[in-house]
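Peer 1: Following this message is one structure expressed as structure tokens.
Every number in this text was worked out from the coordinates using simple rules, so none of it is lab data. As the structure is a prediction and not an experimental result, all values here were calculated from the model. Quick reminder, even Gly has a Cβ in these numbers, built from the backbone with ideal geometry, and neighbours come from all protein chains shown.
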Amino acid sequence: MWEAIAHGFALALGLILPLGAQNVFVFNQGALQPTLWRVLPVVITAALCDTALILLAVLGVSLIVLTFAWLKMILFAVGVCFLAYMGFMTWRSRPAVEKGAAERFTPKRQIMFAASVSLLNPHAILDTIGVIGTSSLQYADMLKWAFSLSCILVSWLWFFALAVAGRTAGRLDTSGKLLRGLNIVSALIIWGVALYMAFSLFRESQSLA
């Protein structure tokens with residue numbers, strides 16, 4: 001059982017570490033919110049979305065995404081549009097130095113954006129299905145659940161750690177320049193992911209033509 005747990009932990013950590021739109025959003029909200037409690041809606045929503053994707057992948061339900069090419073293309077198209085908008089919102093964000101002066105996301109808006117950036121990210125979904133779902137096939141019964149729960153635990157710990165790191169950066173940044181720089185870099189990363197996805201979508205459509 002410990003082998004399955006270690007396998008799930010290492011695999012999930014390797015998939016979640018790369019800097020993507022989901023990680024950027026959690027970190028930025030941690031930096032912008034006045035307290036760590038205010039960023040909990042983002043952390044919980046992102047972790048719950050990852051939990052749902054992992055469970056669907058392990059149970060084999062999400063394989064439908066890979067079965068139908070047209071559904072995969074729609075998912076990519078929606079993801080490109082959303083990430084382009086997300087990059088725009090991040091770029092124009094101006095952190096305020098004075099306490100309470102910055103425009104912060106309400107809990108409802110945090111949940112909406114966190115869910116969108118988690119569930120409308122085709123690469124995250126395909127990684128979950130293709131890697132975690134496929135890797136779980138070597139286990140059965142209790143070993144499969146141990147593997148799955150280990151992957152889920154990584155997501156919860158990682159998003160909480162990201163929020164804490166963002167909050168620490170926000171407290172240390174008294175001038176607002178660091179957060180502004182992070183927003184610019186974050187927007188460029190998000191736009192880069194969107195462009196890559198757009199290229200993948202174009203290549204997919206060409207292969208189906």
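Peer 1: So what are the ³J(HN,Hα) numbers for segment 35-51, from phi and the Karplus equation (6.51, -1.76, 1.60; θ = phi - 60°), rounded to whole Hz, Gly and Pro as x?
Peer 2: Coupling constants for segment 35-51: 9, 5, 5, 5, 9, 4, x, 5, 4, 5, 5, 4, 5, 5, 5, 5, 4 Hz.
Peer 1: In nm, to one decimal, how far is the residue 81 label point from the residue 169 one, both placed 7 Å along Cα→Cβ?
Peer 2: About 3.0 nm separates the two model spin labels.
Peer 1: With point charges of +1 on the Cβ of Lys and Arg and -1 on the Cβ of Asp and Glu, referenced to the Cα centre of segment 113-209, which listed residue (114, 126, 200) lies farthest in the positive direction of the dipole?
Peer 2: The residue sitting most towards the positive pole is 114.
Peer 1: Same structure, new question: Can you figure out the FRET efficiency of residue 1 with residue 59, using R₀ = 22 Å and their beta-carbon distance, to the nearest 0.05? Working shown, then result.
Peer 2: On the way: r = 20 Å, r/R0 = 0.89.
About 0.65, to the nearest 0.05.
Peer 1: Could I ask something else about it? For the pair residue 134/residue 178, report the inter-label distance in nm, with labels modelled 7 Å from Cα in the Cβ direction.
Peer 2: 4.0
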